[in-house]
Structures are given as C-alpha cells and as structure tokens.
C-alpha cells in the first residue's frame, strides 16, 4: 500500500519543474511520517534536475533540506511523536553495518541512500525529495530541530550548514586557529558564521568587490580580494584551514601559498576534474594538503543543529513559493540570492 502525494518534479533535463503526483510508502515499523513545512533550495537540486552529473532518473522530485512536523510514527518508533519539529537532510538510509556507519559517518557508506534519486534498499524504489507535501523516513535519519531555531532559517542547516560544519570540526577549527573561506554563497555564509562561533580567526577570500560589509556581518574578521596579488601576498603562510565552497571548476593554485605549514585546503563544492592541474610543490615543501569533505553523519548533523540552537545561528534566507522555483533556479545560477532560497511548502496547496 502507499499514499498519494503532490510535489514538483523535473521530467527531463531541459524541463521546468512542474506539479507532479506520486506515491509515498506506507510507514514501516521504524518510519516517521513528516508533513513538510519548508524545504531549502540547494545547487545540487538544480544539478540533479538538469542531469548535470549524469545519474538522474526521471521524474525526480528534488529537495534535501527538509523541515516539518511529525504527523505519524511507526509502531517501533521511540524517539519521535506527532507534533515534533523535525528535519531530514541529504540521507534517508544507509547499510548500518560498514565501518563508516559504525563510526557515525553514514555519508561515507557505500550503501548510503540519498534523499532524492537514491535507491531504497528495501523495495528498490527511487527516492523522492522534499519539494512535496510529506516524506516518510526511517527514525534513525530524522533530526530534532531545537525550539530556539526559526524553522524557515533552519532548513539550509541540513545541507549548507553541515557541509561546512563537518570540515570545521574534523580539522579542529576553534580558538587560536586561522580559517579562510573561499566564496560567499549558501555554503560560504554558513562557513563564516560557524567558524566565528567556534572561536576561529576568520577571513573571506572573494573575487568580487563590495562584499566586505556582508562578510563582516556574517563573521569574517577581514576580507581578501583573491584577484589582488598584493593582498594575496600579505596573507602568505597564514591559514591553518581554507574551506573552498565554490561549486564550479576553478584554479586552486592561488590559495596554496596562503596555507600555513601543515595547513589544509578543503573542497566542499563538487568540482570534478581539476583544471588547471594542481601544483604540488607548495604541498611538498610545507606539508600542505588538499582534501575533500561531504556533508556529515546523523550524529554530527544533530550536534550542528544543537550548536546553532544554543548560539542563535541560522541561515540568511529568502522564502519563496513553490510556483516560483524555476525562477529561483535562474537567479541561483546568477548568485542572485542572499544566501539561500527556502520554499514555503504551504504554497503547494495554493
């Protein structure tokens, strides 16, 4: 048995998202049924809808920054009840038994099931995301939203937030460390806020003039224009950690001299093949590293949400109707949003 649900889906790479009826499964014993209130809009939603990465199965309902209220629970659920404020991020299941899962890093599980475009390990159906009325998710992958967080502004924490939080924690950003962020967008603005709240000295690298006021408001102690050789030379050897949030292929070589000895440049954008090639000389001479990081596990994501609730941190959002999603995609490609679109899913029934 299943439940009829209304959402917005892409049906082909060149198609706009449009209303789409589909079915959600009836709850399994460990499932939580969630009425979706808000859903953040991520660059990954656009890439998936347009099959930019080559793996999209159509029709596809995007959305993995889901905020809602529990409407029902399965018979084996113990952690949630009807009415609870909850969230669902990029993952809805994993194998539960591999070393990654056992260490709380489900995002690195080879059998991880993504919130949309994934394959359910039980019935082998294709998962559909949060641009919809409701979602049915295993209790183990549902997150509790602290009462102190505004629900609209909490949605992007489930992807943009955890994507930057995880490397900040892994590379031990905090008092006495120097952190730089490349790019001021959905991920970059969260990286500034979180790094500052952790106690780090924070710098923004940007290619664009005129971002200083916003960067300082968001937590940066200074900005550096990455196209200015004098400004780049002035920060040579400064940073313990650089988080690169830019979501397209670009040259990493200019940032390597800015790393301190043993420093790390972490890529959280989905770049693909690097072009031009990375010069390894600075890495060898000063034990510098280039690394990647992918979202975070469920435990780590809950820690982020709790930290944000305690410190009053949320995303800067622009709330839109679902009917405006295609226009929002176009604006997102032009970086015309400060700093994350969030869909009010009540508009789905308008």
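Going by C-beta contacts inside 10 Å, put 256, 345 in order with the fewest on the left.
Taking fewest neighbouring Cβ atoms as first place, the list is 256, 345.
What is the percent of Cα-Cα separations in the range 161-292 that go past 23 Å?
23 percent
Assuming R0 = 22 Å, what is the FRET efficiency of residue 326 and residue 52, from their Cβ-Cβ distance, to the nearest 0.05?
For residue 326 and residue 52, the calculated efficiency is 0.90.
Need the full-extension length gain, residue 334 to residue 318, defined as separation in residues times 0.36 nm minus the C-alpha distance. One decimal, nm. Before the final figure, lay out each step's value.
Numbers: separation 16, 0.36 × 16 = 5.76 nm, distance 1.51 nm.
Residue separation times 0.36 nm, minus the Cα-Cα distance, leaves 4.2 nm.
Report, to the nearest 10°, how far helix 186-197 tilts away from the longest principal axis of the Cα atoms in the chain, using its own Cα long axis and a range of 0 to 90°.
Long axis of 186-197 versus the principal axis of the chain: about 70 degrees.
Tell me, what is the FRET efficiency for residue 12 and residue 287 to the nearest 0.05, using R0 = 35 angstrom and their Cβ-Cβ distance as r?
0.15
Pulled fully out, how much extra length does the chain show between residue 98 and residue 231, if you take 0.36 nm times their separation in residues and subtract their Cα-Cα distance? Write out the running numbers ahead of the final one.
Details: separation 133, 0.36 × 133 = 47.88 nm, distance 4.60 nm.
Additional length available on full extension: 43.3 nm.
Can you report the principal axis dimensions of the range 1-125 using only the alpha carbons, biggest first, rounded to whole angstrom?
43, 33, 27
Using only the alpha carbons, work out the radius of gyration and Dmax of the chain in angstrom.
Calculated on Cα positions, Rg and Dmax stand at 20.1, 65 Å.
If the elastic network links every pair of Cα atoms under 10 Å, which of 320, 242, 67 fluctuates the most in the Gaussian network model of the chain?
Its mean-square fluctuation being the largest, the pick is 320.
Between residue 294 and residue 349, what length in nm is gained on full extension when 0.36 nm per residue of separation is reduced by their alpha carbon distance?
Length gained between residue 294 and residue 349: 16.4 nm.
Any idea what diffusion coefficient the range 176-227 gets from Stokes-Einstein, in µm²/s, Kirkwood Rh on alpha carbon pairs, 20 °C, 1.002 mPa s?
Numbers: Rh = 10.5 Å.
Rounded to a whole number, D works out at 204 µm²/s.
Would you mind getting the Kirkwood hydrodynamic radius of the range 31-103 from its Cα pairs, rounded to one decimal in Å? Provide the component values of the computation, followed by the final result.
Values: mean 1/r = 0.0695 Å⁻¹.
Every distinct Cα pair counted, the radius reaches 14.4 Å.
If you take all C-alpha pairs in the range 64-122, what percent of them are over 19 Å apart?
Beyond 19 Å sits 43 percent of the P(r) for the range 64-122.
Note the angle between two axes, namely the Cα long axis of helix 160-170 and the longest principal axis of the Cα atoms of the chain, as a number of degrees from 0 to 90, rounded to the nearest 10.
50 degrees
What ranking do 192, 143, 184, 151 get, fewest neighbouring Cβ atoms within 10 angstrom at the top?
Numbers: 192 28, 143 22, 184 25, 151 16.
With the sparsest Cβ surroundings first, the list reads 151, 143, 184, 192.
Read-outs: derived from the displayed coordinates by stated rules, not from any lab. Keep in mind the model is a prediction, meaning the values are calculated, not measured. Reconstructed Cβ throughout: ideal geometry from the backbone, glycine too, with neighbour counts over all protein chains shown.
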